[in-house]
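S.K.: The structure under discussion is supplied below as structure tokens; questions concerning it will follow.
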Amino acid sequence: MTESSNAPVHEAESPAAVQWPATATPTGDAPVDKALGPLADVAGSPVSDHGELYAGIHDSLLEALDAEPGLPSAPSNNRPEGDS
């Protein structure tokens, strides 16, 4: 004898859509706004690339925030420590 299941049958659900902000809100500080620019690329990139994007944004923000006001920013050195 087989029993009938009254459990609802669910069709395959699609993953919830991520609500990304349209753009970063300008800060009024040009070097910081430039460093935040790549945030626009995060939504369209594969998740596996997010770490690298965020690390680059972090490094750019550190450079912008460590710079002396009124002086040109130092050239970016994106090589890992120990590389020559």
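The values are calculated or read from the model by the stated rules, or taken from the named source; none is laboratory data. Computed from a predicted structure; not experimentally measured. Quick reminder, even Gly has a Cβ in these numbers, built from the backbone with ideal geometry, and neighbours come from all protein chains shown.
S.K.: What pairs come out if I take residues in the range 37-60 that are in contact (Cβ under 8 Å) with a residue 12 or more places away in the chain and within 23 Å of Thr27 (Cβ to Cβ) and pair them with residues that are surrounded by 11 or more Cβ atoms within 10 Å (Cβ to Cβ) and charged (D, E, K, R) whose C-beta lies under 8 Å away, six or more apart or interchain?
M.R.: Leu53/Asp41; Ser60/Lys34
S.K.: Among Leu53, Leu62, Leu39, which is at pLDDT 75 or above, surrounded by 10 or more Cβ atoms within 10 Å (Cβ to Cβ) and touching an Asp or Glu at 6+ places or on another chain (Cβ under 7 Å)? Talk me through it step by step, then tell me what you get.
M.R.: Values: Leu62 fails: touching an Asp or Glu at 6+ places or on another chain (Cβ under 7 Å); Leu39 fails: touching an Asp or Glu at 6+ places or on another chain (Cβ under 7 Å).
Result: Leu53 is the single residue among Leu53, Leu62, Leu39 that is at pLDDT 75 or above, surrounded by 10 or more Cβ atoms within 10 Å (Cβ to Cβ) and touching an Asp or Glu at 6+ places or on another chain (Cβ under 7 Å).
S.K.: Separate question: Scan the range 8-24 and report the pairs whose first residue is within 16 Å of Ser45 (Cβ to Cβ) and whose second residue is at pLDDT 75 or above, with Cβ atoms within less than 7 Å and a gap of 6+ or a chain change.
M.R.: Close Cβ pairs (under 7 Å, with a partner that is at pLDDT 75 or above) amount to Trp20/Ala43; Thr23/Ala40; Ala24/Leu36; Ala24/Leu39.
S.K.: While we're looking at this one, here's another question. Taking the range 44-69 only, how many residues are farther than 22 Å from Gln19 by Cα and in a loop (DSSP other than H, G, I, E, B)?
M.R.: Total meeting the criteria: 3.
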